[in-house]
Amino acid sequence: MPHPHHEADVWSVEGRFQHLIYSPKGGVEGVLIDTDGVSTQFVTDPHDPSVAEQFSALRVGQALVIEGSDHGPSPKGEPAHWVYAFKRLASIDGKPPKLSAAGEEASGKVIRYNYAKHGAANGVVLDNGDFIHTKPEGLARLGLKIGDQVKAEGMARPLVTGSGRVIEATRVNGKPVEPAH
């Protein structure tokens with residue numbers, strides 16, 4: 001089994017980068033690594049721009065440590081290899097990964113909520129066109145309402161519409177989006 005380190009339902013898997021896995025719409029929905037001759041897949045959110053940022057500069061054969069959790073059985077049958085839900089990229093060639101666009105800010109007034117595919121509000125859209133992605137848990141924790149003034153910090157990417165940016169929020173109005181561990 002290709003997971004030498006295990007802690008509280010999170011597996012830390014070491015392997016060599018093989019290639020990205022694309023969604024039918026062109027997003028990155030996973031990565032495949034070779035772990036001592038065994039292919040191991042990590043499934044990601046194809047709508048999360050931070051995933052593409054983390055993996056886009058990788059070269060075939062680079063040593064990776066990826067953390068993931070049990071993906072669970074698929075209703076479509078047995079997988080061709082090990083499959084995990086991606087949690088985080090822990091290292092590249094023995095070093096912590098570097099994200100090039102971290103630390104950007106966005107501010108404005110909340111004009112509407114944005115909704116995930118499963119229907120839960122996962123962030124807010126500001127009057128300047130920026131989408132502040134908080135995930136449903138983060139939005140609930142922050143308690144943001146329509147009309148609130150927001151200052152968000154995090155990694156930013158242009159929206160495909162060109163009308164603003166998506167900010168993968170780490171802090172909103174000075175509060176962390178994720179709870180302290």
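No lab work stands behind these numbers, since they all come straight from the coordinates. Note that the structure is a prediction, hence the values are computed from the model and not measured. Methodologically, a virtual Cβ is constructed for each residue, glycine included, from the backbone with ideal geometry; neighbour enumeration extends over all protein chains shown.
The table that follows gives values for the structure above.
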quantity: Contact order normalised by residue count of the chain, Cα under 8 Å, 6+ apart, percent; calculated: 15
quantity: Theoretical gain in end-to-end length, residue 38 to residue 22 [0.36 nm per residue, Cα-Cα removed]; calculated: 3.7 nm
quantity: 15 Å beta-carbon shell around residue 48, net charge (K/R +1, D/E -1); calculated: +1
quantity: Cβ charges +1 (Lys, Arg) and -1 (Asp, Glu), total dipole of the chain, debye; calculated: 580
quantity: Ordering of 74-81, 33-40 by burial proxy (mean other Cβ atoms within 10 Å per residue, highest first); calculated: 33-40, 74-81
quantity: Extended-chain gain in nm, criterion 0.36 nm per residue less alpha-carbon gap, residue 127 and residue 87; calculated: 11.3 nm
quantity: In order through the stretch 147-157: 3J(HN,Hα) via Karplus (6.51 cos²θ - 1.76 cosθ + 1.60), integer Hz, x for Gly, Pro; calculated: x, 5, 7, 10, 10, 10, 10, x, 6, 10, 9
quantity: Entries of 25/76; 117/175; 25/87; 109/151; 25/135 with Cα pairs more than 18 Å apart; calculated: 25/76; 117/175; 25/87; 25/135
quantity: Environment charge at residue 148 (Cβ cut-off 13 Å; Lys +1, Arg +1, Asp -1, Glu -1); calculated: +4
quantity: Whole-Å distance, taken between Cα centres, linking the stretch 9-29 and the stretch 119-181; calculated: 25
quantity: For residue 112, net neighbour charge (Lys/Arg +1, Asp/Glu -1) across residues whose Cβ lies under 13 Å away; calculated: -1
quantity: Convex hull of Cα atoms in the chain, direction-averaged projection (nm²); calculated: 11.3
quantity: Residues with amide H under 5 Å from that of residue 29, placed H, sequence gap 5 or more; calculated: 21, 22, 23
quantity: Amide hydrogen neighbours beyond the local backbone of residue 62, cut-off 5 Å, H modeled; calculated: 17
quantity: Selection of trypsin sites (Lys or Arg not before Pro), the stretch 131-181, meeting DSSP coil and at most 12 other Cβ within 10 Å; calculated: 145
